[in-house]
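Below is one structure, written out as structure tokens; the observations come after it.
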Amino acid sequence: MFGNANPVELELGAGDGSFIARHAAEHPERNFLAIERLLGRLRKIDRKACAQGITNLRGMRIEAGYLMERMLAPGSLSAIHVYFPDPWPKRRHWKHRLIQPAFAAHARAALADGGVMYLRTDHSGYFEQMLDVFTKAPGFEPVAAPPALLANQTDFEREFNARGIPTLVATYRKTPATGPCATAARPTGFTP
């Protein structure tokens, strides 16, 4: 997809691309894949990248859960960014939230050893679920997000912060697998 072997970072639900375009421009030594379900948003991201001469950013129109579950090759990502996913605030809808135990397992499989999962939300209830999922998920340890990354805010985030709504942040690093199954063969998948 990129024509090189640079590390790949994935943003699920890239929105208008305000975060991923800046991040890609700041890091030409890395590749970036922006995932969105809405074609109009992907077109906006593409226009931003073209206008800024960003060549290390690609977009894909697909449902995030499907991509995570079925398409990513094991160990193919250096980072996954999930910023302000739909919180599905009604209890009966929580099953639709992206961050679930199965998601953590898929993220662990897709991340290379030392790969990082970055999470941000403004919804305290969903944040508690995110913490619960990744605290219980095997193979992750909490780490601090780099200050430069935190300074790169989404447009949505800036708007909410200006209204006094704080950003809740969690970051987890994949720890190396240990034990007899650590080197077992795994199925192949899509390698960005």
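Excluding residues fewer than 8 places away in the same chain, name every one of the aspartates and glutamates whose C-alpha is closer than 16 Å to that of Lys48.
Glu11, Asp16, Glu26, Glu36, Asp155
Calculate the spin-label point distance for Ile165 paired with Glu26, positioning each point 7 Å from the Cα along the beta-carbon direction, and give it in nanometres.
2.3 nm
Compare Gly17, Gly125, Gly114 in a GNM of the chain, Cα atoms joined below 10 Å, and give the one with the largest fluctuation.
Taking springs between Cα atoms under 10 Å, the residue moving most is Gly125.
Once you put a point 7 Å from the Cα of Asp86 and another 7 Å from the Cα of Glu69, both along the Cβ direction, what distance in nm separates them?
1.5 nm
How much FRET efficiency would the formula 1/(1 + (r/R0)^6) give for Thr175 and Asp155, where r is the Cβ-Cβ distance and R0 is 35 Å, rounded to 0.05?
0.55
Using a Gaussian network model of the chain whose springs link C-alpha atoms within less than 10 Å, name the residue from Tyr66, Tyr126, Tyr118 with the highest mean-square fluctuation.
Tyr66
Between Arg43 and Ala112, what FRET efficiency comes out of the Förster formula 1/(1 + (r/R0)^6) with R0 = 41 Å and r the beta carbon distance, rounded to 0.05?
Result of the calculation: an efficiency of 0.85.
Can you spot the lysines whose alpha carbon is less than 23 Å from Lys174's alpha carbon? Ignore those fewer than 8 places along the same chain.
Lys136
Stretch Glu141-Gln100 to full length: gain in nm at 0.36 nm per residue minus the Cα-Cα span?
Using 0.36 nm per residue and subtracting the Cα-Cα distance, I get 13.1 nm.
Quick one: what are the phi-derived ³J(HN,Hα) couplings along segment 26-42, Karplus 6.51/-1.76/1.60 with θ = phi - 60°, whole Hz, x for glycine and proline?
Result, ordered by residue: 6, 10, x, 7, 10, 9, 9, 10, 9, 9, 8, 8, 8, 4, x, 5, 5 Hz.
If you plug each phi of segment 60-68 into the Karplus form 6.51 cos²θ - 1.76 cosθ + 1.60 with θ = phi - 60°, what whole-Hz ³J(HN,Hα) values come out, in order, with x for Gly and Pro?
Residue by residue, segment 60-68 yields 9, 8, 6, 6, 4, x, 5, 4, 5 Hz.
Per 0.36 nm of contour for each residue apart, how much would the distance between Ala148 and Met60 grow if the chain were fully extended, relative to their Cα-Cα spacing?
Gain in length upon complete extension: 29.1 nm.
No value in this document is a laboratory result; all are computed from the given coordinates. If you're wondering where the values come from, they're calculated on a predicted model, not measured in any experiment. Note: ideal-geometry Cβ built from the backbone for every residue, glycine included; neighbour counts use all protein chains shown.
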